[in-house]
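Working notes, beginning with the structure itself.
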Amino acid sequence: MSKAKQTTLLGLANTTPVDNVEEYKFEPIKGYPMLTWRGKRPFTSTHFYPAQLREVHGAEVDNWRNKIYWGDNLQVMSHLIKNLRGKIKLVYIDPPFDSKADYKKRIKLRGQTIANDLDAFEEKQYTDIWTNDEYLQFMYERLIIIKELLSDEGSLFLHCDWHKSHFLRCILDEVFGQENFRNEIVWQRFNFHADANKFGVVHDTILLYTKTQNYIFNKPYVKLNQRYIDSHFSQDEDGRYFTLDNPTAPGHGKTGSPLRFNGKLIAPSEGTMWRFKQEIFDEMIAQGKIVFTSTGRPRIKRYLDEIQGSAVHTVWTDISSVNSQADDRTDYPTQKPIELLTRIINASSMPGDLVMDCFMGSGTTQEVAMALGRKFIGTDINLGAVQIATKRLLSKAAELTQSRKQDELFSENDETGPKDFYTGFEVYNVNNYNLFRNPIEARELLLDAFEVNKLEKGQLFDGEKDGRMIKIMPVNRIATRADLGELIAGLDLKAFEKRHKKSPNEPVEKITLVCMGHEPDLMAVLEKEVEPYKLDVEVVDILRDRQDLQFKRDSEAKIAIKSGKLVIERFYPMNLLGKLSLQKEKVKDWRELVESVMIDWNYDGAVLTPTTVDIPEKDEMVSGSYPIPKDAGTIRVKITDLLSESLEVEVVNG
């Protein structure tokens, strides 16, 4: 396929990309300022990235099966835009906050109480530390393509905090237009946060933008609190709370919600007064729904259980963060509560709509979307997040299937709830991200794999080999021109000048950039920055050039067939054992190291379609022994350890 056919235009201004803001004359937009930063460049087109289907769970519903992607979300969305442009009704994202912190997850053996530090450790899930303005460019590009994926009725909820909310608001104004800003929501996560030097930060910010003025919004309500009830309601002889509404108050006809009685609309009159239809009025009097004041004015008697509640406003104090005792806690460091996503998804989508979260994390958005009868897409660069989300979704799918059988969640007469639950989903890779599992460890893994002489941390380059200076670019996403900013700023031009005078025809430096996907002009941009000096620049793209590199030790397993059962006798996840400082012979039970076992009894040689899924509860262990179905063919077993690394093996049946 030609480059022209691989590129998807985004319908934006056709400008030439540049490496710093000074070289590009941004056209001012009347009415509000524009945010600029060093390295800001237009994002006008994107390449199509193919996806590789890895797993299938559950059946299609209405020709749709939900999708989970492992990969850089810019590449994933560039893949999606080919078929889903303008079709997603709701996007919720909880992106990095630029919090200058590393987020870790505690790993411990299953089925036992931790005896010492050798049996548990903390592993970084992702780092939220950014250099200079690369965070702003990172978010800018992703918000542009999110807008392209949204339908005209679509909404974006961007979850952030004080670190970058002010910058993100400016970027969103530029991308979506300030006229499409709807709300700045304050979510109070904690009730108390001690800080001796300033006011304690107890809230996050959620910015709500829509693509157009015609958007979905189902106003949410919450139950009235007891203090309000006591002050605004009375009790009848049966102890039921009620209030008296004024049906003829000025303004109701224009601004109030339509009044209904037994499903019948009480129509407003001309102007600002409610007018009852006589037959409805008489019926309400007969049933005691109309009472009269001492002056003879009618009032509608409304009981508490007939009232929707209090409308939700922009300060949310009724939803707590996920605590250590929560049943749904996954130990993923940035997990958000189910109640939060339930409110958001209900407010800005309808059953059957497509919802996306491209910073998926532990999969809360996807679990709630499934439970509310929405279709969904999830994506994350972290394999651990993909495995955790997969586990949650399989559990939720089983729960919904069982509940539906018992008619607990489904009713043909329910006009408001979902008619279908989209419980099936597929797992994809976009690009070859299984070269290594955790991007946090990538630098050390790459330096070891290339046998580079490491330099001390904090230096401009990461290592040296054969006279070439080695720079490891960000490897959890495409390396861009903006990523060169720190390198260019740190180059010693005075040293270059001396080398140039000594050997005018030789390069002043030999540099190797190691990346995982990159923009095509990365080399040219770096060479141009040091003109008139000559650089010898080499770009090593490990996705393209070095796919045979091994970045982790392979796991081992012994699996046998005994008495009509598939039995896992031994499992040695080598990287996990190394981190736990344990040897093979010291592991009392291999099941302590396992997160899940999935078995495809009729493997087609390409895509894993497991029908046996063994995912134990937190303190339990997998079975390890599984009856073989009579119609079993080629058997494929996937064993996932506590690090989310998986071993897949085929077992000969018979």
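Here are a few things to note about the model shown:
- For 461, 376, order by how many other beta-carbon atoms lie within 10 Å, fewest first: 461, 376
- Whole-Hz couplings from phi, Karplus 6.51/-1.76/1.60, listed for segment 212-228; x for Gly and Pro: 9, 7, 9, 9, 7, 8, 10, 4, x, 10, 10, 4, 5, 7, 5, 5, 5
- Neighbours of residue 453 by Cβ distance under 15 Å: Lys/Arg scored +1, Asp/Glu scored -1, total 0.
- Pairs beyond 18 Å (Cα-Cα), from 558/588; 498/534; 465/510; 454/501: 454/501
- Total charge dipole magnitude, segment 455-526, about the Cα centre, Cβ charges on Lys, Arg, Asp, Glu only, Debye to nearest 20: 220 debye
- Neighbours of residue 498, meaning other residues whose beta-carbon lies under 15 angstrom from its beta-carbon, give a summed charge of +1 when Lys and Arg score +1 and Asp and Glu score -1.
- Which of 208, 493 has the fewest Cβ neighbours within 10 Å, and the rest in rising order: 493, 208
- Across segment 490-502, rounded Karplus estimates of 3J(HN,Hα) from the backbone phi angles (6.51 cos²θ - 1.76 cosθ + 1.60, θ = phi - 60°) give x, 5, 8, 5, 5, 5, 4, 4, 5, 5, 5, 5, 6 Hz, Gly and Pro being marked x.
- The amide H of residue 64, built 1.01 Å from its N in the peptide plane, has no neighbour under 5 Å, considering only residues 5 or more places off or on other chains.
- Residue by residue, segment 449-458 carries 3J(HN,Hα) couplings of 5, 8, 6, 8, 6, 6, 9, 5, 4, x Hz when phi is fed to the Karplus relation 6.51 cos²θ - 1.76 cosθ + 1.60 (θ = phi - 60°); x denotes Gly or Pro.
- Calculated FRET value between residue 625 and residue 579, using beta carbons and R₀ = 35 Å, to 0.05: 0.80
- Computed Kirkwood radius, in angstrom, where 1/r is averaged over Cα pairs of segment 455-525: 13.3 Å
- Distance (nanometres) between label positions extended 7 Å along Cα→Cβ at residue 401 and residue 245: 4.4 nm
- Amide H contacts under 5 Å for residue 559, placed H, 5+ residues apart: 569
- Burial ordering of 209, 303, 533, fewest other beta-carbon atoms within 10 Å first: 303, 533, 209
- Label point distance in nm, residue 454-residue 287, each placed 7 Å from Cα along Cα→Cβ: 7.6 nm
- Efficiency of FRET between residue 59 and residue 502 - r from beta-carbon atoms, R0 56 angstrom, step 0.05: 0.20
- Here the extension length gained between residue 495 and residue 652 equals 50.2 nm, from 0.36 nm per residue of separation less the Cα-Cα distance.
- Relative protection proxy for 91-97, 225-231, 555-561, from highest mean packing down: 91-97, 555-561, 225-231 (other beta-carbon atoms within 10 angstrom).
- Distance between modelled label sites at residue 218 and residue 47, nm, 7 Å Cα→Cβ extension: 4.1 nm
- Remark on residue 463: its backbone amide H falls under 5 Å from those of 455, 470, a criterion applied only to residues 5 or more positions apart or on other chains, H modelled at 1.01 Å from N.
- Full extension of the chain segment joining residue 618 with residue 524 gains 28.7 nm, where the gain is 0.36 nm per residue of separation less the Cα-Cα distance.
- For segment 556-651, alpha-carbon Rg relative to the globular expectation (2.2 N^0.38 Å, N residues): 1.07
- Across segment 343-406, the volume of the C-alpha convex hull divided among the residues equals 72 Å³ per residue.
- Two-site FRET efficiency, residue 543 against residue 419, from Cβ-Cβ distance with R₀ of 45 Å, rounded to 0.05: 0.60
- Each peptide in 514-520, 365-371, 631-637 receives the mean, over its residues, of other Cβ atoms within 10 Å, and ordering these scores from highest gives 365-371, 514-520, 631-637.
- Fully extending the segment from residue 310 to residue 234, taken as 0.36 nm per residue of separation minus the present Cα-Cα distance, adds 25.6 nm.
The numbers here are math on the coordinates, done by the rules we state, and not lab data. A quick note: this is a predicted structure, and the numbers were derived from the prediction, not measured. Here Cβ is always computed from backbone atoms with ideal geometry, including for glycine, and neighbour counts include all displayed protein chains.
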